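What follows is calculated from the coordinates using simple rules that are stated; it is not laboratory data. These numbers come from a predicted model, not from an experiment. Heads up, the Cβs are rebuilt from the backbone with ideal geometry, glycines too, and the neighbour counts pull from every protein chain shown.
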Amino acid sequence: MIVVSNTTPLIGLGRIGRFDLLREMFGQIIVPQAVQAEILAIGKEADPILSAFRAASWISVQPVSDQLAVGVLLDELDLGEAETIVLGHEMKADWVLMDEKKGRRKLTELGLPKIGSIGILINARQTGKIASLGAELALLRQQGFSLSQSVIDAALRQVGELR
C-alpha cells in the first residue's frame, strides 16, 4: 500500500499521543520534502512530534518530480499540501493523508483517495484501537485543531457514540 501524508495528520495525531495509529493502519508512510521541512521546523528538541518523526523508521521522504505541478498548486495551497498532492498523484497513492479543506477538494478533483485525522480516528475506534472517539476529538480540539461541532457530531454518529 502506498500512503503519502501531509503535515497536519502527523502533527495532530502526534500531539494527542496517537502517532502509533499511523503505523498500525498504514505500515509505511511517505512524505514529500516540504512536509519533512515543516515537521523539522518545529525546532524544539523536546517536542514529542519531532522526536517521534525522527524515530519513525516507517516514514520515508521522497522528492517530488513535477515541480511545475507543485508551482501551479501554490496559487491555492501551501508548499507542503501542494507537494503532498503531486507526490500522491505521481506515486498513484492508495491513500493521501490530508486534513486541509482546500487540499481535500483538490484530491477529490484528481480522483485520489484521501483520509484525514478524523477518518483515521474513526477507523481506530471501529477496530478497537481506541476506546472513545469523543475523547480523542476533544484532545484534538484542545491542541488547537479547528473542528466544527457538526463534523464532530457526524463522526460520533458514525461510530455509535451519538444518536
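Let me spell out the model: positive unit charges on the Cβ of Lys and Arg, negative unit charges on the Cβ of Asp and Glu, origin at the Cα centre of the stretch 3-116. What dipole size does that give, in debye rounded to 20? Could you put the intermediate results ahead of the total?
Details: 12 positive and 16 negative charges, 62 e Å.
About 300 debye.
Compute and list, largest first, the equivalent-ellipsoid semi-axes of the stretch 65-138 from the alpha carbon gyration tensor, each √(5λ) rounded to a whole angstrom. Walk me through the numbers on the way to the answer.
On the way: eigenvalues 159, 32, 15 Å².
One finds semi-axes of 28, 13, 9 Å for the stretch 65-138.
Compute for the stretch 118-158: radius of gyration divided by Kirkwood radius, i.e. Rg/Rh, restricted to C-alpha atoms, rounded to two decimals.
Details: Rg = 9.5 Å, Rh = 10.2 Å.
We get a ratio of 0.94 for the stretch 118-158.
Which of Arg18, Arg105, Arg163 comes first, and how do the rest follow, when ranked by fewest Cβ neighbours within 10 Å?
Fewest-to-most Cβ neighbours within 10 Å comes out as Arg163, Arg105, Arg18.
From the helices alone, meaning DSSP H stretches of at least four residues, give me the mean residue ellipticity at 222 nm for the chain, per-run term -39500 (n - 2.57), in deg cm²/dmol to the nearest 500. Please list the in-between numbers first.
Working: 10 runs with 91 residues, N = 163.
That calculation yields -16000 deg cm²/dmol at 222 nm.
Please compute the Kirkwood hydrodynamic radius of the chain from all pairs of different C-alpha atoms, in Å with one decimal. Walk me through the numbers on the way to the answer.
Working: mean 1/r = 0.0622 Å⁻¹.
It is 16.1 Å.
Given 20 °C and 1.002 mPa s, how large is the Stokes-Einstein diffusion coefficient of the stretch 1-71 in µm²/s, with Rh as the Kirkwood radius over Cα pairs? Please list the in-between numbers first.
Values: Rh = 12.6 Å.
D, rounded to a whole number, is 170 µm²/s.
Taking a label point 7 Å from the Cα of Ala135 along the Cα→Cβ vector, which residues of the stretch 1-27 have an amide N closer than 20 Å to it?
What the label zone holds, given the 20 Å backbone N cut-off, is 12-22, 24-25.
Going by C-beta contacts inside 10 Å, put Met1, Met91, Met98 in order with the fewest on the left. Could the numbers behind the result be given before it?
Values: Met1 10, Met91 16, Met98 29.
Listed from fewest to most nearby Cβ atoms, that is Met1, Met91, Met98.
Sort Glu38, Glu136 by Cβ crowding within 10 Å, fewest neighbours at the top.
Working: Glu38 21, Glu136 24.
Neighbour counts put them in this order, fewest first: Glu38, Glu136.
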